[in-house]
1. How about segment 187-200: which of its residues are part of a loop (DSSP other than H, G, I, E, B), free of Cβ contacts under 8 Å to residues at least 40 places away in the same chain and surrounded by 11 or more Cβ atoms within 10 Å (Cβ to Cβ)?
2. Do any residues in segment 101-118 that are touching a residue at least 40 places away in the same chain (Cβ under 8 Å) and under 16 Å from Arg52 (Cβ atoms) have Cβ atoms under 6 Å from those of residues that are among the polar types (S, T, N, Q) and surrounded by fewer than 22 Cβ atoms within 10 Å (Cβ to Cβ), where the two are at least six apart or on different chains, and which pairs are they?
3. Would you please list the contacts, defined by Cβ atoms under 8 Å and residues six or more apart or on different chains, that run from a residue in segment 67-89 that is modelled with pLDDT under 90 to a residue that is assigned to a loop (DSSP other than H, G, I, E, B)?
4. Report yes if Leu170 is part of a helix (DSSP H, G or I), loosely packed, with under 14 Cβ neighbours inside 10 Å and under 31 Å from the mean Cα position of the chain (by Cα), otherwise no.
5. In segment 45-55, how many are surrounded by 15 or more Cβ atoms within 10 Å (Cβ to Cβ) and more than 16 Å from Gly197 (Cα to Cα)?
6. Examine segment 127-150 for a residue that is closer than 30 Å to Phe192 by Cα, hydrophobic (A, V, I, L, M, F, W, C) and touching a residue at least 12 places away in the same chain (Cβ under 8 Å), and state whether such a residue exists.
7. Can you confirm whether Leu126 is under 14 Å from the mean Cα position of the chain (by Cα) and assigned to a helix (DSSP H, G or I)?
8. Consider Phe184 carefully, then state whether it is touching a residue at least 60 places away in the same chain (Cβ under 8 Å) and within 32 Å of the chain's Cα centre (by Cα).
Amino acid sequence: MSKDDLTPDRLPKQEPPQKPRREEEQPQQPQQQPPEFALTEEEAQRAMELFRQEQNQLVGTMAGFLAAVVGAAAWAAVTVVTEYQIGWMAVGIGFLVGLAVRAGGKGIDQIFGVIGATMSLVGCLLGNVFTIAYFISVDTGMSVIDVLAQMDVAIVIELMMETFQVMDILFYALAVYFGYRYAFRQLTMDDFNRALGRIM
């Protein structure tokens with residue numbers, strides 16, 4: 001090829017650089033969903049019957065009462081140390097009692113909620129009684145145990161009326177609510193599989 005032939009039109013054209021090809025995107029595999037947990041009516045009734053056989057009302061009541069006493073003592077101790085009655089402690093008593101009833105009773109029937117609510121209220125009342133007994137013991141020089149031993153129902157009611165405040169209703173109601181709510185056994189898929197003899 002001569003120099004005359006190297007005109008702009010006859011110059012060798014360079015091919016435009018090719019863009020690197022992107023790797024073809026692999027289609028995403030659909031995630032496998034866990035099989036739905038379904039029960040027939042007969043299976044549900046059979047499982048619930050087994051759960052009811054595992055309930056223990058006596059143990060649940062005892063566990064709730066012990067939790068109420070512990071919670072009441074803690075509430076009284078905080079009140080004595082701070083010299084201020086923290087009403088929100090009642091919520092803690094309800095929570096503690098509810099969990100104790102759940103762990104001890106393993107209940108699914110409504111009666112366990114009633115036990116949790118009742119024991120939560122008992123814990124709140126005991127917390128006030130323990131606090132009053134302490135301050136009486138300070139004034140009289142008697143021990144707290146001696147003060148409690150000399151209290152009867154009439155004296156307790158009279159002292160409770162003298163120290164009652166309107167906000168106590170709210171805190172007692174919250175304690176009863178949480179004591180009821182957390183008293184029930186929380187059933188899981190594993191519980192039903194075990195009750196029905198299923199192998200996972």
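The values are calculated or read from the model by the stated rules, or taken from the named source; none is laboratory data. Just so we're clear, the structure is a prediction, and the values are computed from it rather than from any experiment. No Cβ is skipped: glycine too gets one built from the backbone with ideal geometry, and neighbour counts run over all protein chains shown.
1. The answer is Arg198, and nothing else.
2. Matching pairs, first to second residue: Gly105/Asn56; Lys106/Gln55; Gly107/Gln55; Ile115/Thr61.
3. Qualifying pairs under 8 Å: Thr79/Gln85; Thr79/Ile86.
4. Against the criterion (part of a helix (DSSP H, G or I), loosely packed, with under 14 Cβ neighbours inside 10 Å and under 31 Å from the mean Cα position of the chain (by Cα)), Leu170 qualifies.
5. Summing the residues that are surrounded by 15 or more Cβ atoms within 10 Å (Cβ to Cβ) and more than 16 Å from Gly197 (Cα to Cα) in segment 45-55 gives 1.
6. no
7. Against the criterion (under 14 Å from the mean Cα position of the chain (by Cα) and assigned to a helix (DSSP H, G or I)), Leu126 does not qualify.
8. yes
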